[in-house]
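First the structure, in the form of structure tokens, and then the observations on it.
The values are calculated or read from the model by the stated rules, or taken from the named source; none is laboratory data. This one's a predicted model, so the numbers in the text were calculated from it and none came from an experiment. Methodologically, a virtual Cβ is constructed for each residue, glycine included, from the backbone with ideal geometry; neighbour enumeration extends over all protein chains shown.
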């Protein structure tokens with residue numbers, strides 16, 4: 001069960017409790033839900049109902065997927081849960097499960113272009129996503145709990161099974177983009193294993209990505225490592241470790257047969273898709289990174305509109321500065337500026353460190369690991385000035401020298417804007433930054449040069465130096 005706080009387009013998970021019931025365990029043999037799993041799930045649903053009542057949550061959605069819809073006694077389970085807990089479960093079709101899971105991927109990565117693959121306990125959903133839209137997908141009985149008995153003990157038999165089950169879907173997969181978006185607990189555990197094994201510096205699952213060769217390497221590692229050793233990895237539970245051999249092999253074969261060049265792991269899946277599906281069209285169209293930045297910064301910001309104004313004020317200095325800049329550059333800078341007051345409530349001695357770490361690990365959507373590192377470094381310099389962080393591993397690993405330089409410059413620009421305006425968008429609007437012929441001009445209101453206090457003038461000089469321009473303060477008009 002996940003409890004979300006909805007702040008515009010931002011979906012903030014504020015409570016998350018999972019019970020691995022294993023409803024589909026043994027169903028390939030019996031055709032029925034696991035008796036032990038049913039008891040575990042029924043108890044969990046009663047607890048969830050009590051929690052929701054205690055927290056006064058009115059808007060509730062409960063869905064059941066492959067195991068319940070396929071089992072002979074699925075309707076009995078749904079009836080029991082309704083009678084014992086009052087929770088009405090909607091049993092969704094395989095096509096709807098695929099759609100909602102892919103919608104969750106788009107909720108977390110609106111620019112996703114490829115195939116969303118959701119590996120659940122009893123099924124695998126494969127759904128093309130592109131241009132912000134979900135196309136028709138397929139649901140295959142390929143979850144780890146749906147495997148025929150004994151299959152997971154013979155690697156060759158397992159590989160043959162996977163290849164055969166995927167065969168009919170390959171034409172559809174090969175027509176899509178080159179990226180596979182991986183959803184589901186077993187693949188999330190595989191991502192945690194990959195981050196540990198490959199020593200990835202930023203331990204954030206959402207939008208962690210692997211190239212095809214690295215994904216194959218991790219799959220081979222999982223096939224040869226013991227479940228006990230893998231369960232010691234942070235993010236890999238004992239039950240998940242038992243599924244990693246199959247999850248790794250499936251990912252490896254899916255990427256090879258579908259001709260995917262990379263896999264991006266998504267923390268957003270079916271549950272987020274259900275919530276996103278109930279948002280208005282207007283909210284769905286908003287950018288999740290901008291919404292997340294605003295939601296995170298709003299409680300601390302003395303003037304919520306300042307960050308938006310600051311981003312627009314600084315953008316002329318950065319626009320076109322790098323010929324090879326990503327098209328997302330302006331968006332990422334705008335999101336960073338919305339968090340210019342993130343450390344307002346922190347102790348002055350720790351604003352830079354705490355704000356930087358918050359940006360690195362907050363549950364944002366719509367941001368890559370590289371972009372996350374860029375924004376975090378910019379926010380660090382917003383509070384520290386020219387002084388960089390003590391530990392630079394994340395930034396040295398994920399960012400180029402130019403990107404690190406630009407992040408520092410952006411932070412110094414935020415620092416200038418804050419000092420100049422007292423963090424007031426109205427006062428900031430009275431100044432302008434004009435880059436021209438190697439000079440950065442700060443235009444001040446006529447006869448109001450005294451508004452540029454000594455601290456602001458010093459920060460302007462630092463900012464101009466950071467963007468490789470000569471500083472000049474002039475009265476306009």
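Determine, yes or no, whether residue 173 is under 28 Å from the mean Cα position of the chain (by Cα), closer than 21 Å to residue 241 by Cβ, in contact (Cβ under 8 Å) with a residue 60 or more places away in the chain and not assigned by TED's automatic domain parsing to the domain that holds residue 69. Considered against the rule, which asks whether it is under 28 Å from the mean Cα position of the chain (by Cα), closer than 21 Å to residue 241 by Cβ, in contact (Cβ under 8 Å) with a residue 60 or more places away in the chain and not assigned by TED's automatic domain parsing to the domain that holds residue 69, residue 173 comes out as no. Yes or no: residue 230 more than 26 Å from residue 95 (Cα to Cα), in contact (Cβ under 8 Å) with a residue 12 or more places away in the chain and in the same structural domain as residue 180 (by TED's automatic domain parsing)? When the stated conditions are applied, residue 230 passes them. When we screen 106, 151 for residues that are more than 19 Å from residue 63 (Cα to Cα) and surrounded by fewer than 19 Cβ atoms within 10 Å (Cβ to Cβ), the only hit is 151.
Scanning segment 297-321 for residues that are surrounded by fewer than 22 Cβ atoms within 10 Å (Cβ to Cβ) and within 24 Å of residue 110 (Cβ to Cβ) yields 298, 304, 308, 312, 315, 318, 319. For segment 246-278, a residue qualifies if it is part of a loop (DSSP other than H, G, I, E, B) and out of contact with any strand residue (DSSP E or B) (no Cβ under 8 Å at 6 or more places or on another chain), and the qualifying residues are 259, 267, 278. The criterion of at least 1 residues that are free of Cβ contacts under 8 Å to residues at least 24 places away in the same chain is met, among helices (runs of 4 or more DSSP H) falling completely within segment 1-116, by 27-30, 35-54, 74-85, 94-108. One residue stands out among those in segment 279-289 that are closer than 21 Å to residue 372 by Cα and part of a loop (DSSP other than H, G, I, E, B): the one that is nearest to the chain's Cα centre (by Cα), which is 287. Do we find that residue 63 is at pLDDT 95 or above and within 30 Å of the chain's Cα centre (by Cα) in this structure? Against the criterion (at pLDDT 95 or above and within 30 Å of the chain's Cα centre (by Cα)), residue 63 qualifies.
Within the option set 119, 124, 106, being closer than 30 Å to residue 282 by Cβ, at pLDDT 90 or above and under 22 Å from the mean Cα position of the chain (by Cα) holds for one residue only, 106.
For segment 263-283, filtering for residues that are surrounded by fewer than 16 Cβ atoms within 10 Å (Cβ to Cβ) and in contact with a helix residue (DSSP H, G or I) (Cβ under 7 Å, 6 or more places away or on another chain) leaves 1.
The single residue among 454, 401, 450 that is surrounded by fewer than 13 Cβ atoms within 10 Å (Cβ to Cβ), closer than 28 Å to residue 323 by Cβ, out of contact with any strand residue (DSSP E or B) (no Cβ under 8 Å at 6 or more places or on another chain) and free of Cβ contacts under 8 Å to residues at least 12 places away in the same chain turns out to be 401.
One residue alone among 215, 222 is surrounded by 18 or more Cβ atoms within 10 Å (Cβ to Cβ) and either modelled with pLDDT of 95 or more or in contact with a strand residue (DSSP E or B) (Cβ under 8 Å, 6 or more places away or on another chain) (or both), and that residue is 215.
A single entry from 380, 350 fulfils the requirement of being modelled with pLDDT of 95 or more and surrounded by fewer than 17 Cβ atoms within 10 Å (Cβ to Cβ): 350.
Table: residues versus (1) at pLDDT below 95; (2) assigned by TED's automatic domain parsing to the domain that holds residue 403; (3) closer than 21 Å to residue 384 by Cα.
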position: 416; (1), (2), (3): no, yes, yes
position: 425; (1), (2), (3): yes, yes, no
position: 437; (1), (2), (3): yes, yes, no
position: 444; (1), (2), (3): yes, yes, no
position: 455; (1), (2), (3): yes, yes, yes
position: 460; (1), (2), (3): no, yes, yes
position: 463; (1), (2), (3): no, yes, yes
position: 466; (1), (2), (3): no, yes, yes
